[in-house]
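The values are calculated or read from the model by the stated rules, or taken from the named source; none is laboratory data. Because the structure is a prediction, the values reported are computed rather than measured. Methodologically, a virtual Cβ is constructed for each residue, glycine included, from the backbone with ideal geometry; neighbour enumeration extends over all protein chains shown. Only protein heavy atoms, including side chains, enter the accessible area calculation; ligands, DNA and RNA are left aside. Shrake-Rupley method; radii C 1.70, N 1.55, O 1.52, S 1.80 Å.
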Amino acid sequence: MRREALDVLTMRWPRFYTFCERDRIKESFIDALAAQLKTESILLVQGHAVVAFVKDFDFSPMR
């Protein structure tokens, strides 16, 4: 995200599994990943269709 100057990055679930090099993703893996990302001020958001990585600051305030 930093190299590309992105505030948000989304991946569809199949791509996320491939990216993580996993066939299954346990809750403990997600918890550990979220904790590691938090140290970098990045939020992990799980949706039905996508996984989103979002910088934890107000980069697009509501008007």
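Solvent exposure of the chain, expressed per residue, is 85 Å² of accessible area, with all protein chains present and a 1.4 angstrom probe.
Exposed loop sites, defined as chymotrypsin sites (Phe, Trp or Tyr not before Pro) outside DSSP H, G, I, E and B with at most 14 other Cβ atoms within 10 Å, are absent from the longest region of the chain, namely 1-56.
The label point for Leu9 and the one for Glu27, both projected 7 Å from the Cα toward the Cβ, are 2.7 nm apart. Accessible area ranking (1.4 Å probe, heavy atoms, ligands and nucleic acids excluded), largest first, for Asp7, Asp23: Asp23, Asp7.
In loop segments of segment 1-30 as defined by DSSP, the trypsin sites (Lys or Arg not before Pro) with at most 12 further C-beta atoms inside 10 Å of their C-beta are Arg2, Arg3, Arg22, Arg24, Lys26. If ligands, DNA and RNA are left out, what is the accessible area of Ile30 with a 1.4 Å probe, given in Å² to the nearest 10? Only protein atoms counted, so the area is about 10 Å². To put it simply, the accessible area of the chain at a 1.4 Å probe is 52 percent carbon and sulfur.
The Cα-based radius of gyration of segment 8-50, divided by its Kirkwood radius, gives an Rg/Rh of 0.94.
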